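Working notes, beginning with the structure itself.
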Amino acid sequence: MSDLLGGKGANLAEMVSLGLPVPPGFTITTGACQVYLESGSQPAELQEQIDTALAELEKSMDKTLGQGEDPLLVSVRSGAKFSMPGMMETVLNIGLNDTSVQGLAETSGNEHFAWDSYRRLIQMYGKTVLDIAGEPFEECIDAAKSREGVGTDVELSATAIQELVREFKEIIKTETGNPFPQKPSEQLIGAIHAVFDSWNTDRARIYRRREHIPHDLGTAVNVQAMVFGNAGDSDSGLGSGSGVAFTRDPANGDQGVYGDYLPDAQGEDVVSGVRNAHPLDYLNELDPNSYSELMAHMKRLEDHYRDLCDIEFTVERGKLWMLQTRVGKRTAAAAFRIANSLVNEGVINLDEALRRVTGAQLAQLLFPRFDLDAESTLIGEGTNASPGAAVGEIVFSSQAAVEKAALGIDVILVRRETTPEDLAGMVAATGILTSRGGKTSHAAVVARGMGKTAVCGAESLRIDTKKGELTTSQGQVLTAGTIISIDGSTGDVFLGSVPVTASRIVKLFEQGKDSALVGVDFATADLIESVDRIMAHADSRRRMGVRANADTGPDAERARRMGASGIGLLRTEHMFLGERRQLIEDLILAESTDQNKGALAALMPLQRSDFNEILQAMNGLPVTVRLIDPPLHEFLPDRVELAVKVAVENERGSASDTDVKLLAAVNRLSEQNPMLGLRGVRLGLVLPGLFAMQVEALTLAACDQKRAGRNPKPEVMIPLVGSIAELSIIRAEVSRVIDTVLAHENVSLEIPIGTMIELPRAAITAGDLAELAEFFSFGTNDLTQTVWGFSRDDVEAAFFSRYLELGIFPVSPFESIDTEGVGELVREAVERGRAARPGISCGVCGEHGGDPASIHFFNSIGLDYVSCSPFRVPVARLESGRATLL
Ligand code: PEP
Ligand code: MG
C-alpha cells in the first residue's frame, strides 16, 4: 500500500481502520506525482478526483474549504514510500483568506490564533509554492518583535500579526507581481503541485542518494482537515498543543513511552526544535484525559505494528487527534534491544528479530566511544541525540563543513538548529552540535538516520553562526577551527580532543560475553545480551561461511576472535613492505642466476616465519594464500623522484651505480596501465623462482606447524588467471614444489591449489579452469574493474560522483556488487565451475564480501563463503544469517 499512498498515507489509512481519531482527508497517489514530474502537468483525471474527494471531506466536516464563517482549512503534506524526514514540503492552513480569517477569529474566539494561522499560511505558501526566499519574512518578524519588545513570535500581539499579514502580502506582490491567491481552490492546487515539485529539490536528491532510495518513486500528497495545536483553550479550560511520541525510547531502546509535548504550538514547532519542548508527562498534568487516551492509542499501535511506533499528535482544545504514525527510526543499540525485548515479550520470534536488525547497525555498535577516565573539559551538555564519539574542528556552516571535509579534516557542524538546507554539511561532518531542539528535532532525526554522532539542544552554549562564535556559559568564546569533542551517547560537549576507547560490543566479540559484561550499566548489559543472542541466531541460520582477509598474525587472531572460519585471502605482497622492500628490489635488479637465487634465499625465511605465525593463529581453519599479485614497480621507488635524484647526482658528477641501475629497472617496468599489466599469474610466468619460493616457504611453515602438533590447512591461490594454459604451467610448478618439500620433510598434507576468478575471461572459461582448480575465489574488485573497464585507482575520484548524481548507478559498483553485470558473471562462473567439478568451493574475497547488499546476492547464487576484513566479520555473519530469511 505504501508504494501508492506513501508511508504516511498508508499509515493514516491504517489508523483510520483501527478506529483512531484521525482528521478526515484524502491521499493523492505517488502515481499522480510520477505523471506530473515526467510530463510537467498533472494527470487529466486528477482535478476531478480532487474535487470529489474534497466534496466528501467537506461533507464529513459539514463545512466548505475557506468558507467565510467557521471555515474548513486543510493541510497539504508530502509522504513518500520511504521516510525522508523534512526533505519535502508541507503547506498548512490552506483555505484562509482575507474573509475566512475573520470567520476563524469569530468561531475560535481567538483573534491572535486566527491571524497567526493566516500569517503562517502566507509565509509557507510564499516560500514553498511561490519560491520566495525566507529572509524577507523573517526580517519582518524580527522587526515586529523588536517593535513590541518581545522575544518570541508567540508573544506578538494580534495587531502586530495583522500588520505582519499585510507586510507578507506585500512581499508576495512585490516578488511575484501577483497578489496572494484568495481563492481556496487555487491555494490547494498550488500547494499540491509544490509538494510534487519538492520531490526534486537538491536536498531531497542528496538524501535519496545517501539512503539509496530510487529517484523515480515520487511522493504521495496527503490533504487533511487542519486541527490546531495553537487554538487556545476550550470553554472548560482544556488547552491545545502538539507533540511527538515514541512507544519506546528510540535512542537506547528502553521500554516505556517517551516523547515531547509543546503547549500552544503546531507540530512543526516541536519537530523543528525552535522552541524547547516538555517531556510527555507534562500533558498528563495539563490534560489527563487526553494523555490517557494517547497512551491507549499508542499501545494499540504498538500491538498492531508489533514494533516501536512514532507518533505525531495534536490536542485541539482538549480533543486529541492522531496526525501521523510509523514504525519509528531508531539507533543501532535501540534496534538490537527492542528486537530482543519483543522476543522476550513473546511478540516476535528470533527470525523476525534477526530481520529487524542490520549489518550497518551492528557496524555502528563497533564504533569507539570516549574514554570516560581521560582528562576532559566539559563545556556544555545537551540531549544525547545520536550516539557515537566525534572529534573535530568547529564549523558554523554547511558549506564550510563540506569544504573542510573535502580536505580530509574532521569537522563538527555547529548550528543553533539545523534545517533541511544543512543536509550536505551534515553528511560531510563527523558530528553535529545544536543549541536548540531535542531528540525529535530535525538535527536529531536526520543524524540518527545517518548513524552520525549528534548532540542537540545544548542550551548553555550561545551559538552565533553569523559572527562565527560559540560562547560557553563560562564566557569562553570558541571560533571556527577550534577542536571540540561531542558525545552523542551522553550529550556531553568537551573542549579539545578527548581520547576514545573501543566499544563494548567489540569487547563482546574479542573477549566474550562475561568480560564484556563486567562493570557496565543495565542498558549496556542488555545491549550486549541482545547482540549476543541475535548473533548466535544469525550463525545458526546462515548457510555461507565467513572468512577474513588478513595478512598478519595479529590480524588473523583478531579475525578468529570475530568469528571468522578461516582466511579467504592472504595478500602475500603485504609481507614485502617496509624494510623488506629492499629484498624485492634486489630480486628485481638481479643480473645473474646467482644474484636471483641469493635474493630469493633471503626472502624465504621471512616468508616462512610469517606463514607460521598465521597458520598457528588459524590452527584447524583454512588459510588461502595468494601468490604475489601487484605490478613490480609498486616495490620500487617513484619514477619521477628517482629520475630527479639521478639527474641531480649526474649534474654533480656523483651518480651512484645502484641508482642508475634502479632507474633503468624502474623505466623498464613502468607501465601505462599497471593494473592491466605485468601482475598476478603473469609475474609468476615471467619472473623465475618467485612463486616457487613463496610456495616452498608456505609448505615448510605448514610442516613446522604439523610437527608442533597443530592442524595447518593452507591453500595456494593463483591470481589474475585468464587462461587454462597460464593455470596449467603455474599449477604444475606449485605442485612440484609442494611434493618436493613434503617428501623432503617427510610430512603428509593436502594443500589444495585454486584460482582467483577476477577477469571476464576467467569467468567465461570457468568450466575449463575448474579442471585444474580445486577452488574458486572471486576477486570482485578486479572483476568489477575489468567488466566495466573502470580503472580502480582513477574512476572513483574522477567521475563517480557525477555518475551517482545522474543515477547511472545508485551506489559505486566497487562498494556494492553490480548484480546485473559483474554479479551475473559470477553466477555463471559458479554454474560452469560446478558443472565441471561438482562441489567445487566458491567464495568471494573482493571488498564486496563485507557489504550487506552484496552478501545477500552472493547467498542467493549459492556461494560457499564470503571473505572480508576482520572488523567486518561480525557484520558479514549477521547479514549472511539475514540473507537466508529475507
Ligand atoms: C580482487 O580483485 O577482488 C581482490 C581481492 O584482489 P586485489 O583487490 O588484491 O586485487
Ligand atoms: Mg585482484
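The values are calculated or read from the model by the stated rules, or taken from the named source; none is laboratory data. Just so it is clear, the model here is predicted, and its values are computed rather than measured. Every residue, glycine among them, receives a Cβ derived from its backbone with ideal geometry; neighbour counts consider all protein chains shown. Ligands, DNA and RNA are excluded from the accessible area calculation, which covers all protein heavy atoms including side chains. Shrake-Rupley method; radii C 1.70, N 1.55, O 1.52, S 1.80 Å.
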Review point. Taking θ as phi - 60°, what are the ³J(HN,Hα) couplings along the range 16-30 by the Karplus curve (6.51, -1.76, 1.60), each to the nearest whole Hz, with x for Gly and Pro?
Key: 4, 6, 7, x, 7, x, 10, x, x, x, 8, 10, 8, 6, 5
Review point. Just going by the charge dipole of the chain, with Lys and Arg at +1 and Asp and Glu at -1 on Cβ, which of 803, 395, 33 is farthest out on the positive end?
Key: 803
**Study point:** the range 11-167, relative contact order [Cα under 8 Å, separation at least 6], %
**Key:** 14
Review point. What's the carbon and sulfur percent of the chain's accessible surface, probe 1.4 angstrom, rounded to a whole number?
Key: 49
**Study point:** Relative contact order %, the chain, counting alpha carbon pairs below 8 Å whose residues are six or more apart
**Key:** 9
Study note, to complete from the structure: Among 482, 247, 290, the residue whose Cα sits farthest towards the positive end of the charge dipole of the chain (+1 at Cβ of Lys and Arg, -1 at Cβ of Asp and Glu, taken about the Cα centre) is 247
Practice item. Straight distance only, please: which aspartates and glutamates reach the Cα of residue 597 with their own Cα at less than 12 Å, same-chain residues fewer than 8 apart left out? Key: 586
Point to revise | Per residue, in Å², the accessible surface of the range 469-593 once ligands and nucleic acids are set aside, probe 1.4 Å | key: 43
Check your understanding: If packing is taken as the mean number of other Cβ atoms within 10 Å per residue, what is the order of 775-787, 657-669, 817-829, highest first?
Key -> 775-787, 817-829, 657-669
Point to revise | Proximal lysines to residue 127, defined as alpha-carbon separation beneath 16 angstrom and excluding residues fewer than eight positions away on the same chain | key: 169, 173
Review point. What are the ³J(HN,Hα) values, in whole Hz, obtained from phi via the Karplus relation 6.51 cos²θ - 1.76 cosθ + 1.60 with θ = phi - 60°, for each residue of the range 299-308 in sequence order, with x given for Gly and Pro?
Key: 4, 4, 5, 5, 4, 5, 7, 6, 6, 4
Review point. Roughly how many Å is it from the Cα centre of the range 826-863 to that of the range 747-805, as a whole number?
Key: 12
**Study point:** Accessible area in square angstrom per residue, the range 348-440, 1.4 angstrom probe
**Key:** 40
Revision key, fill the gap. Dipole check, the chain, charges on Cβ (K,R +1; D,E -1), about Cα centroid: among 676, 522, 130 the Cα furthest to the positive pole belongs to 676
Check your understanding: If you place +1 on the Cβ of every Lys and Arg and -1 on the Cβ of every Asp and Glu, how big does the dipole about the Cα centre of the chain come out, in debye to the nearest 20?
Key -> 2180
Point to revise | the range 614-660-the range 485-541 distance, computed between alpha-carbon centres (Å) | key: 41
Review point. Going by average Cβ neighbours within 10 Å, how do the peptides 50-61, 104-115 rank, with the highest at the top?
Key: 104-115, 50-61
Check your understanding: Helix-derived [θ] at 222 nm for the chain: sum -39500 (n - 2.57) over DSSP H runs of at least 4, divide by residue count, nearest 500?
Key -> -14500 deg cm²/dmol
Check your understanding: In percent, what relative contact order does the range 784-877 have, based on Cα pairs under 8 Å that are 6 or more apart in sequence?
Key -> 23
